[in-house]
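Visitor: One structure, pasted below without further comment.
Since every read-out is calculated from the coordinates, none of them should be taken as a lab result. Note that the structure is a prediction, hence the values are computed from the model and not measured. Cβ atoms come from the backbone with ideal geometry, glycine included; neighbour counts cover every protein chain shown.
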Amino acid sequence: MKSAQHKPGALETRLRQTRDTGRKILVPYITGGLTGWIDAIRGAAANGADAIEIGIPFSDPVMDGPIIQMASEKALRDGATPISILHELRGVDVSIPLIVMCYYNTVYRAGHTRFANSLREAGVVAAIVPDLPLEESAHWCESADSTGIETVMLAAPTAPDERLHRVVERARGFVYAVGLLGVTGERTELAATAVAMATRLKRITDMPVLVGVGVSNAAQAQQACAVADGVIQGASVVRRLLEEGADSVAQYVGEVRAAIDSPVSSNR
Amino acid sequence: MNPKQVPRELLTPGADGRFGEFGGRFVPETLVPACEELERAFNEAWNDSLFRTELDDLLREYAGRPSILTECHNLGAQLGIRLILKREDLNHTGSHKINSVLGQALLAKRMGKKRIIAETGAGQHGVASATAAALLGLECKVYMGAVDIERQSLNVFRMKLLGATVEAANSGSRTLKDAVNEAMRDWVASVETSYYCIGSVMGPHPYPFMVRQFQSVIGKEARKQFQELCDGNDPNIVVACVGGGSNAMGIFSGFIDAETRLVGVEPAGGAAVGRGTPGVVHGMKSYLMQDEYGQVQEAHSISAGLDYPGVGPEHSYLASVGRAEYPSVNDQEVIEGFKLMARAEGIIPALECAHAVAWITKEAPKIQGQTVLMNLSGRGDKDVAQMMTILGDSLS
């Protein structure tokens, strides 16, 4: 296992501390610009989220399944823009770190440095850019690093070990273990790849390892946390926000929190 | 612009997959190893004489290559130019798409994949993919925008007849762009068993390069045939329609080093090069119709095959260095071009190709006496039902 070569930023420091106290890390994903999204952030924060991932909606979200596609389309129809979302985020008085997820064209169109600065000014500490793989990431990472924005890298089940090492090397904040072969969305069961990815990553890094994509409910979060340091929950959160509103998100985050706070039962 | 100052060689992208600043590999991490594997597999296959022989045999004995040149004596006389068509419409399945699909399907088999995924706009690439899959014993799934399924129902039925599954893309503009999104999502989930057969010179590296190499047969044949027909001379102008741009890249590739004007005609409602700005979508950096925040705009074209807000990265490169030009024509001009070619020459062009006809007609006063080689990349049978609705009983 390798220790980080870089100086941990605000997010990584915070998540390491959380992990080192024995607490599993819970990161709900919320599509920015949806009705009630700010209340959902507050509710999630009050009910046990350790950080929040805010999705900036994009017209062509190729890593996202039907729920987040629908949420993105709706937010865009309602007039959400990267600027309006970051502006609203400034007013959010939560004490947990905020992470932005956006597709690369949003970053590219704004300009790397300008976008990194706009994140920092909105109080965002990290960015996830799911269509910017390692080989294309150098320019963005340079701007992000110098602005103090931590770029979270995704590690996928298709990566051979040699690649996984390079991905982890470039990761800041935490390592995002992609739980399955596929796009975001709820599944009836946790894929075997979720725990397998967490295991592979834990073997090679001491950075926090969070599993996302296909972690669909409290029970699955608990299963993933048997190995992973935490989970990201996207579609299951966004579906509740779309169908039932912010209170439902708060309640759900509380349920997942309770589940991952209790160790997985051995007789399942 | 002095044409002698611009680069006149065909680029082979390096490891970064770039044509100048355009191209690259902007895909989810899950797909990076698959793109790398494909790049290796393609390069090996392309340099393997057995693979090339197998492909050439299929192109000759199955697709019907080489495609012929046809001189349009009537239309040429009417316009005051010498107009010659490269007849890709006479290929099996009715368009140039078969050239790349046979290559890619052979490659898929060589890579041990049992299933191919494809996106389609007008349905020509979907039909070609379904055809190659039937021939080579592969499973085939084609994603098609719900709007396109409506306006190209004949091709939908052809695909089903050939044994493919057609899946509607219901997100966004429900056209080609969204079909690409759905195909990419499928590929993210099925990458270990499936081959993504992209229909144009677009997508992440190596697709733009690979599809151009497979389509370069058009340009190679056309240059030789044209010189035989025209006393060893090259055409003054080569013109082709551009959506993603595979038929245009195919014919341009044969004339990059010639003193020939290269013209790619875009639809006015999908003019990525003409009206777009550099952006990143579908795995590539290229010109793109987008708003100030980088949201991709919906294209609007009478022709499903060109209804795409982006363009292959090599076209962006050729435009940026001034080697090719990318004017656009509107739907009404396209309808006139469609009728003109039918009536003057007895050839019903695909609506996509009618864009090239429309540009030639408009440009004719400025190019009197010149030789024009147009890539007739597909036949118009698929568009007849749509044109019946548009033209109704206006035809006398």
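Visitor: Please list the non-local residues whose amide H lies under 5 Å from the amide H of B:Gly283, H modeled 1.01 Å from N, same-chain partners needing a gap of 5 or more.
Guide: B:Phe26
Visitor: Quick one: Karplus J couplings for the stretch B:90-96, per residue in order, coefficients 6.51, -1.76, 1.60, θ = phi - 60°, nearest Hz, x for Gly and Pro?
Guide: 8, 5, 3, 6, x, 7, 6
Visitor: Mind listing P(r) for the stretch A:140-268? All alpha-carbon pairs, 10 Å bins, whole percents.
Guide: P(r) for the stretch A:140-268, in whole percents per bin: 13, 39, 33, 13, 1.
Visitor: Let me spell out the model: positive unit charges on the Cβ of Lys and Arg, negative unit charges on the Cβ of Asp and Glu, origin at the Cα centre of the stretch A:46-192. What dipole size does that give, in debye rounded to 20?
Guide: 260 debye
Visitor: So what's the projected area for chain B, the Cα convex hull averaged over all directions, in nm²?
Guide: 18.1 nm²
Visitor: Tell me the Rg and the Dmax, in Å, that the Cα atoms of the stretch B:265-396 produce.
Guide: Cα radius of gyration and Dmax of the stretch B:265-396 are 15.8, 49 Å respectively.
Visitor: In whole Hz and in residue order, list the ³J(HN,Hα) couplings for the stretch B:6-19 that follow from phi through the Karplus curve 6.51 cos²θ - 1.76 cosθ + 1.60, θ = phi - 60°; x for Gly and Pro.
Guide: 3J(HN,Hα) across the stretch B:6-19, in whole Hz: 8, x, 10, 9, 7, 7, 10, x, x, 4, 7, x, 9, 10.
Visitor: Provide the gained length on full extension for the span B:Ala385 to B:Leu50, in nm with one decimal, where the gain is 0.36 nm per separating residue minus the Cα-Cα distance.
Guide: Computed gain between B:Ala385 and B:Leu50 is 116.4 nm.
Visitor: How high is the relative contact order of the stretch A:10-257, in percent, with contacts defined as C-alpha pairs under 8 Å that are six or more residues apart?
Guide: Working: 518 pairs, mean separation 60.5, N = 248.
Relative contact order here is 24 percent.
Visitor: May I pose another question? Based on the Kirkwood radius over alpha-carbon pairs, what value in µm²/s does the Stokes-Einstein equation return for the translational diffusion coefficient of the stretch B:79-235 at 4 °C and 1.567 mPa s?
Guide: After rounding, the answer is 79 µm²/s.
Visitor: I'd like the GluC sites (Glu not before Pro) in the stretch B:288-362 restricted to DSSP loop residues with at most 15 other Cβ atoms within 10 Å, sorted by number.
Guide: Loop-located and lightly packed - B:Glu292.
Visitor: List, largest first, the extents of the alpha carbons of the protein assembly as shown along their principal axes, each in whole Å.
Guide: 84, 49, 49
Visitor: So what is the 222 nm mean residue ellipticity for chain A from helices alone, if each DSSP H run of at least 4 adds -39500 (n - 2.57) and you divide by all residues, rounding to the nearest 500 deg cm²/dmol?
Guide: -13500 deg cm²/dmol
Visitor: A follow-up question, please. A:Ala192 to B:Gln370: FRET efficiency via 1/(1 + (r/R0)^6), r the Cβ-Cβ distance, R0 56 Å, to the nearest 0.05?
Guide: Computed FRET efficiency for A:Ala192 and B:Gln370: 0.30.
Visitor: Short version: what are the Cα gyration tensor semi-axes of the stretch B:191-251, square root of 5 times each eigenvalue, largest first, in whole Å?
Guide: The answer is 30, 12, 7 Å, longest axis first.
Visitor: If R0 is 41 Å, what FRET efficiency do you get for B:Glu336 and B:Arg115 from their C-beta distance, rounded to 0.05? Walk me through the numbers before you get to the answer.
Guide: On the way: r = 42 Å, r/R0 = 1.04.
Once rounded, the FRET efficiency stands at 0.45.
Visitor: Ordered by residue, what ³J(HN,Hα) values in Hz, to whole numbers, does the stretch A:243-248 give under the Karplus form 6.51 cos²θ - 1.76 cosθ + 1.60, where θ = phi - 60° and Gly and Pro are x?
Guide: 8, 10, x, 5, 4, 5
Visitor: Write down the radius of gyration of chain A and its Dmax, each obtained from C-alpha positions, in Å.
Guide: Computed over the Cα atoms of chain A, radius of gyration and Dmax are 16.8, 52 Å.
Visitor: Gain in length, A:Arg203 to A:Ile83, computed as 0.36 nm per residue apart minus the alpha-carbon separation, to one decimal in nm? Don't skip to the answer; put the middle values down first.
Guide: Values: separation 120, 0.36 × 120 = 43.20 nm, distance 3.94 nm.
Answer, rounded to one decimal: 39.3 nm.
Visitor: Still on this structure, please answer the following. Provide the net charge surrounding B:Thr361, with neighbours chosen by a C-beta distance below 10 Å and charges set as Lys +1, Arg +1, Asp -1, Glu -1.
Guide: Working: positive: B:Lys362; negative: B:Glu333, B:Glu336, B:Glu363.
Cβ neighbours under 10 Å give a net charge of -2.
Visitor: With a cut-off of 8 Å between alpha carbons and a minimum separation of six or more residues, what is the relative contact order of chain B in percent?
Guide: Relative CO of chain B lands at 21 percent.
Visitor: Contact order normalised by length for the stretch B:314-381, with contacts defined as Cα pairs under 8 Å and 6 or more residues apart; what percent is it?
Guide: For the stretch B:314-381, the relative contact order is 30 percent.
Visitor: Report, by chain and number, residues whose modeled amide H sits under 5 Å from the one on B:Arg18, excluding near sequence neighbours (fewer than 5 apart, same chain).
Guide: Close amide H contacts, sequence-distant or interchain: B:Gly24.
Visitor: Assigning unit charges at the beta carbon (Lys, Arg +1; Asp, Glu -1) and nothing else, what dipole magnitude in debye, to the nearest 20, does the protein assembly as shown show about its Cα centre?
Guide: 720 debye
Visitor: So what's the angle, to the nearest 10 degrees on a 0 to 90 scale, between helix B:49-61 and the longest Cα principal axis of chain B?
Guide: With both axes taken from Cα atoms, the answer is about 50 degrees.
Visitor: Go ahead and estimate [θ] at 222 nm for chain B from helices alone: -39,500 (n - 2.57) per DSSP H run with n ≥ 4, summed, over the residue count, rounded to 500. Could you put the intermediate results ahead of the total?
Guide: Details: 15 runs with 170 residues, N = 396.
Value at 222 nm, helices only, nearest 500: -13000 deg cm²/dmol.
Visitor: Can you list residues whose amide H is under 5 Å from B:Tyr143's amide H, if they're 5+ apart or on another chain and H is modeled 1.01 Å from N?
Guide: B:Ala118, B:Glu119, B:Thr120, B:Glu167
Visitor: In addition: Once you have a ≥ b ≥ c as the square roots of the Cα gyration tensor eigenvalues for the stretch A:56-211, tell me rounded if a/c is under 1.5, and otherwise prolate or oblate according to whether a/b is larger than b/c.
Guide: oblate
Visitor: Give me D for the stretch A:24-90 in µm² s⁻¹, whole number, from Stokes-Einstein with Rh from the Kirkwood sum over alpha-carbon pairs, 4 °C and 1.567 mPa s.
Guide: Roughly 105 µm²/s, to the nearest whole number.
Visitor: Turning to a different aspect of this structure: Quick one: grab the alpha carbon gyration tensor of the stretch B:38-95, order the square roots of its eigenvalues as a ≥ b ≥ c, and give me rounded if a/c is under 1.5, else prolate or oblate depending on whether a/b is larger than b/c.
Guide: Numbers: a/c = 3.84, a/b = 2.64, b/c = 1.45.
Prolate is the answer for the stretch B:38-95, as a/c is 1.5 or above and a/b outweighs b/c.
Visitor: Which FRET efficiency value, to the nearest 0.05, is calculated for A:Arg114 and A:Ala10 with the Förster distance at 25 angstrom and r the Cβ-Cβ distance?
Guide: For R0 = 25 Å, the calculated efficiency reads 0.75.
Visitor: Another question, then. What whole-number distance in Å separates the alpha-carbon centres of the stretch A:38-58 and the stretch B:9-47?
Guide: Centre-to-centre distance over Cα atoms comes out at 38 Å.
Visitor: In debye, nearest 20: dipole of chain B around its Cα centre with unit charges on the Cβ of K, R (+) and D, E (-)? It would help to have the intermediate numbers written out before the result.
Guide: Numbers: 38 positive and 47 negative charges, 89 e Å.
Dipole about the Cα centre, nearest 20: 420 debye.
Visitor: Right, something else. Starting from the stretch B:27-64, pick out the chymotrypsin sites (Phe, Trp or Tyr not before Pro) whose DSSP state is loop and whose Cβ has at most 16 other Cβ atoms within 10 Å. Don't skip to the end; give the middle numbers.
Guide: Values: sites: B:Phe42, B:Trp46, B:Phe51, B:Tyr62; in loops: B:Tyr62.
Sparse-neighbourhood loop chymotrypsin sites (Phe, Trp or Tyr not before Pro): B:Tyr62.
Visitor: Here's another thing I want to ask about it. For the residue pair A:Asp261 and B:His300, what label-to-label distance in nm results when each label sits 7 Å from Cα along the Cα-to-beta-carbon direction?
Guide: Between A:Asp261 and B:His300, the label points sit 5.5 nm apart.
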